[in-house]
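The values are calculated or read from the model by the stated rules, or taken from the named source; none is laboratory data. Bear in mind the structure is a predicted one, so any value in this text is a computation, not a measurement. Positions of Cβ are backbone-derived with ideal geometry, glycine not excepted, and every protein chain shown enters the neighbour counts.
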Amino acid sequence: MLIAVLVVYLFSLMGGSDIFLGEWLIKDSKNQFKEVIQDKERSKKAMETLDEMIRDAKNFNREAGNAEKTLEKLVKDYRSTREDFNQLFSEVQGKREASTAKVLDRIPDLKRNIPREEWAKAFKEGKQPQP
């Protein structure tokens, strides 16, 4: 039971799963943008930026999986201390923040290649992404 509680806590720090970490949203957005961007050169640049964002999200997801394994080891190790757990949670939080910053730092690149009209068209009601 303790493992379950700690895993839930760790996932809350990490965002929970791929769904909460944005990978699915970025992939779905990529499909929506492909449909609406008219200029091939701008589309290519936007797709490259989205691919970088997806790669960042996947890297964090992979690291989060490693943190889950570390958490299991800590729970099973009777000698684990509160500081051990705090260090793990702090590392995960720091990596999540860094990953989020990388993704958000690329938004201006997208906006340079996707005019406001195409952006709005991609996210019209009824075209909302589904997990």
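Per-residue answers, yes or no, for (1) out of contact with any helix residue (DSSP H, G or I) (no Cβ under 7 Å at 6 or more places or on another chain); (2) hydroxyl-bearing (Ser, Thr, Tyr); (3) closer than 27 Å to LYS121 by Cα; (4) surrounded by 12 or more Cβ atoms within 10 Å (Cβ to Cβ):
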| site | (1), (2), (3), (4) |
| --- | --- |
| LYS45 | no, no, yes, yes |
| TYR78 | yes, yes, no, no |
| GLN87 | yes, no, no, yes |
| ARG96 | no, no, no, yes |
| SER99 | no, yes, no, yes |
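If you go through the range 28-52 and keep only what is in a helix (DSSP H, G or I), touching a residue at least 24 places away in the same chain (Cβ under 8 Å) and among the hydrophobic types (A, V, I, L, M, F, W, C), you end up with PHE33, VAL36, ALA46, LEU50. For the range 78-87, the criterion of being under 19 Å from LYS30 (Cα atoms), over 17 Å from the mean Cα position of the chain (by Cα) and part of a loop (DSSP other than H, G, I, E, B) is met by none of the residues.
Every condition in (1) in contact (Cβ under 8 Å) with a residue 24 or more places away in the chain; (2) under 19 Å from ILE26 (Cα atoms) holds for VAL92 except the one numbered (2).
So, in the range 54-75, of the ones that are over 30 Å from ASP28 (Cα atoms) and touching a helix residue (DSSP H, G or I) at 6+ places or on another chain (Cβ under 8 Å), which residue ends up surrounded by the most Cβ atoms within 10 Å (Cβ to Cβ)?
Ranking the candidates gives LEU71 first.
Only one of the numbered conditions (1) in a helix (DSSP H, G or I); (2) modelled with pLDDT of 90 or more; (3) more than 19 Å from ILE37 (Cβ to Cβ) is not met by SER99, and that is (2).
When you check SER29 against the structure, is it under 30 Å from ARG116 (Cα atoms) and touching an Asp or Glu at 6+ places or on another chain (Cβ under 6 Å), yes or no?
Answer is no for this residue.
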